[in-house]
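The values are calculated or read from the model by the stated rules, or taken from the named source; none is laboratory data. What you are looking at is a predicted structure, and each value in this text was computed from that prediction instead of being measured. Cβ coordinates were reconstructed from backbone atoms using ideal geometry, including for glycine residues, and neighbour counts include every protein chain displayed. Just so you know, the surface numbers come from the protein's heavy atoms only, side chains and all, with ligands and any DNA or RNA stripped out. Shrake-Rupley method; radii C 1.70, N 1.55, O 1.52, S 1.80 Å.
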Amino acid sequence: MEKTKIDKERTWIFSPVNNISLKIDLKGSILEEQLKEAIRDTINHYDMLHQKIIIDNEGNAYYQKAELFEPVIDSMGSDWREVAREQEKHPFAIDKGEFIRFFYSKAETGMTLLIIAHHIAGDGISFTYFVQDIMRAISGEKIEYKKLELYNMDKLPKEASLRAPIAWLIKYMNSKWKKTGRKFDFDDYYNMYDKYWNNRETLIYTYSLEDEMYDSICRYSIENNVTINSMITTAFIRASSELCDVGMAASIREKGFSGMGNYATGISVKYRYIEKTSFVENAKMVQKKIYDKLDDTSKRYFLLQFMRSIEPTLIDAIYFNACNAYNNKTAETFSKMFGYNGNPKGISITNLTKLPIETKYGTYEIVDFTFVPPLVLNARRIIGVASIGNKMVLSLHLNKDAEVKEHREFFYKGMEYLKNL
């Protein structure tokens, strides 16, 4: 059977937190069967959704061509947030080819569609293009076939090569792992997944900035030469009232490419808000820190190069160790290094920015687009941002624990800082 080796996506195979959630409000007279037919038609045009994940005897992982896994397309009996939270507890059968689920409900002016997808199939922008194709199918347009195209890690810039001390450390840890480690299979994964979610709940909060408020934020951005992303980041750093470690996703997708896959890297910046200085001056300092990383090739691609240097089965083991499902000193060392063990800190922001799709498709329209990233193990507060038309929606994804009230206040305080500009 035709297969494609997995490299960059390895981190998502055995992570217990993989779900990307998209809630889309659609305007127009859409029948249930019409929506289902459009979804099935779109799936048929995506090679990625006709694969399954396999792991060979050496521990190498592949996408392998497979019979189509008939996806869940079901009506929602409750609020979309509840459905998204409930679905987190049910692992995708990626070893059988299940990568995506759909839920819908009728709304006053049309339909609400909830898409829940496994990160192994693609990133937030991938599923944004997927939504665009569903809308095209609903309106009767033909859809372009999207063949499987992964990010080619062999083309990572030479400037991003790991420096000697780090390369030596990873080589040493890999050699230790080869002597003490093991390969994991999907039975191991499903057992770990059930254990992880057994006594765990998450919460999702959202906030919309639209019309005049959205226009005002855009004007402020242009007038002060500060990106909206820098403004959002600064608002949340201020709300945290501490030296804040902010992780953020950064796109490495080629301009114009609308295929499905994972085309993002990650960077992080540390900053403490200076109350004696204006918001815009703080935002400019935050922006400088962000672009110092993004404009430096070695820093922009460091995470990808670092993860690629780790033995694939050791990457798997890091999750099993973090979730108390496997004991190994080498795995534990990396688990602590990544912040997966102990108390997760900081903020993680994935900003899809202005979505690269239209709002109107014939007589149908996207009137709301909410993006909720997966709640990764090493961050307390996961924030997703997406803008379409005259509206920006921010989501907060967090564990339901003793700190919920504090996190919720942090989120809304950040929004107030942004609104009051």
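Computed values, structure above
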| item | result |
| --- | --- |
| Filtered GluC sites (Glu not before Pro), region 321-421: DSSP coil and at most 16 other beta carbons within 10 Å | E358, E403 |
| Candidate aspartates and glutamates for bridging to K354, where Cα separation is under 15 Å - those fewer than 8 sequence places away on the same chain excluded | E210, D211, D215, D368 |
| Accessible surface, per residue, of the chain when the full set of protein chains is kept, probe 1.4 Å, Å² | 45 |
| Cα convex hull volume per residue for the chain (Å³) | 146 |
| Packing rank of 53-59, 250-256, where each peptide gets the mean count of other beta carbons within 10 Å, highest leading | 53-59, 250-256 |
| Gain upon complete extension [K36, I143; 0.36 nm per residue less C-alpha separation] | 37.0 nm |
| Inverse of mean 1/r across different Cα pairs in region 281-421, Kirkwood, Å | 18.2 |
| Reach of K413 by Cα under 17 Å, taken over lysines that are not fewer than 8 positions away in the same chain | K405 |
| Selection of trypsin sites (Lys or Arg not before Pro), region 347-421, meeting DSSP coil and at most 12 other Cβ within 10 Å | K400 |
| C-alpha center-to-center spacing [region 13-38, region 101-162] in angstrom | 10 |
| Carbon/sulfur fraction of accessible area - region 3-147, other protein chains in place, 1.4 Å, % | 43 |
| Computed Kirkwood radius, in angstrom, where 1/r is averaged over Cα pairs of region 1-134 | 15.6 |
| Positive-pole candidate from L31, N18, G140, dipole of the chain, charges at beta carbon | N18 |
| Share of carbon and sulfur in the accessible heavy-atom surface of region 196-420 [1.4 Å probe, %] | 46 |
| Whether region 161-224 is rounded, prolate or oblate, judged on the alpha carbon gyration tensor where a/c under 1.5 counts as rounded | oblate |
| Table column - 3J(HN,Hα) (Hz), region 303-318, Karplus curve with 6.51, -1.76, 1.60, x for Gly and Pro | 4, 5, 5, 5, 5, 5, 7, 7, 3, x, 5, 6, 4, 4, 4, 4 |
| Under 22 Å from the Cα of K299 - lysines, other chains or at least 8 residues apart | K8, K155, K158, K171, K255, K270, K284, K288, K289, K336, K345 |
| HN-Hα J in Hz across region 159-168 - Karplus 6.51, -1.76, 1.60, θ = phi - 60°, x for Gly and Pro | 5, 8, 4, 5, 6, 3, x, 5, 4, 5 |
| Rg(Cα)/(2.2 N^0.38 Å) for region 207-359, N = residue count | 1.23 |
| Cut-off under 5 Å, modelled amide H: who pairs with Y301 long-range | none |
| Compactness of region 69-159 as Cα Rg over 2.2 N^0.38 Å, two decimals | 1.31 |
| For the chain, calculated [θ]222 nm from helices alone, where every DSSP H run of n ≥ 4 adds -39500 (n - 2.57) | -11500 deg cm²/dmol |
